[in-house]
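Quick note: the coordinates plus some simple rules give every number you see, no bench work behind them. Model, not experiment: these values are computed from the prediction. No Cβ is skipped: glycine too gets one built from the backbone with ideal geometry, and neighbour counts run over all protein chains shown.
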Amino acid sequence: MSSAVRPRIIAATSHAAIPAAVAALRAGDLVAMPTETVYGLAADAASARAVAGIFAAKGRPEFNPLIVHAESVAGVRDMATLTAQAERLAEAFWPGPLTLVLPRRPEGRIADLAVAGLSTVAVRVPAHPVARALLAAFGGPLAAPSANRSGHVTATTAAHVASDIGEAVAIIIDDGPAPIGVESTIVGFDGDRPTLLRAGGVNRMAIEAVLGERLAVLAADPGAPTAPGMLASHYAPMAALRLDAASVQPGEALLAFGQLPPGVTNATAIVNLSPTRDLTEAAANLFAALRSLDGKADVIAVSPIPDNGLGEAINDRLRRAAAPRS
Ligand code: TXA
Ligand code: MG
């Protein structure tokens, strides 16, 4: 990360805005970008480390899956499978304030952390010219939640972003107030049944008119999108997890944090989330680590991880992964 004074606020009309933002994103830093709905806190969606920076900046209590933004429908196809219904919605509403939750393509380059380990990905092609210019110049998908501190009011101006999370952001591109001011509408598909997961910028009747059917509604409160913990498909390894393990038992795999524990020679496989005990690095490595240890043992011993900062989110995910399966 650069040591320059943060955040650097650049007017969208400046010729420096897009090149500076692209350089920051390539360095793994965060850029706040205007979209037609709200300001987004963008990071390279392919970099787990950059995405971990989003969670650190927002102070999220858990790893909520993020919306991944693409410049075009072709860019969406690289990371997700568009069902027939999704194709119709994409045709009608993209670019624009609609997010679709779609099956993720395993060969896509999205970091597991961006989708919180889910087999689905929430994607959107934004209409805002600055967001589009940034996506085009960057040349890849950007993960971007709303650019506010978790639990705070959504940021619809550059000043909101600066006061909420400014110190964590390399660059804020200022294009004045976001035109729509509420987040995108989120539609998911439960099999063939299209479901409204969050009310937002595209109204429900317009979506139902295109689909020729009513949307099922999942969230009782339109402001409260599906908690990822409620999703049955939430990624959990096949192996059992033994949390807060002080040592490794014979036949166990080891998910370490910091110094390796006693009994490490017993381990059938080892992944260290962060030898230097850096929680941002550990968050970035978490989902890939669980994936790579799965199948190497029936039980994965997990070293204790401190509960501060991103550690809270890491421990939350580990507890979910360790919980008995139904
Ligand atoms: O307008 C918007 O959508 C803005 C701009 C920046 O694009 N973004 C935004 O992102 O509101 P965020 O992270 O604040 O909200 C995304 C919501 C989360 O609450 C998450 O639970 C849900 O989308 N979500 C993301 N991926 C999901 C998935 N695979 N399945 C179900 N819900 C998902
Ligand atoms: Mg939000």
- Comparing 282, 56, 216, which has the greatest mean-square fluctuation in the GNM of the chain with Cα pairs linked when under 10 Å apart? 216
- Inter-probe distance in nm under a simple model that places probes 7 Å from Cα toward Cβ, at residue 26 and residue 264: 3.7
- Task: With springs connecting C-alpha atoms under 10 Å apart, model the chain as a Gaussian network and identify which of 25, 211, 100 has the largest mean-square fluctuation.
- Result: 211
- Message: Can you give me the C-alpha center-to-center distance between segment 90-125 and segment 1-76, rounded to a whole angstrom?
- Response: 16
- Report, for the chain, the % of DSSP beta bridges that are antiparallel, rounded to 5. 45
- Listing 238, 33, 79 by rising number of other beta-carbon atoms within 10 angstrom, fewest first, gives 238, 79, 33
- Rounded if a/c is under 1.5, else prolate if a/b beats b/c, else oblate: with a ≥ b ≥ c from the C-alpha gyration tensor eigenvalues square-rooted, which is segment 8-217? prolate
- Item | Relative exposure of 187, 73, judged by other C-beta atoms within 10 Å (fewest first) | 73, 187
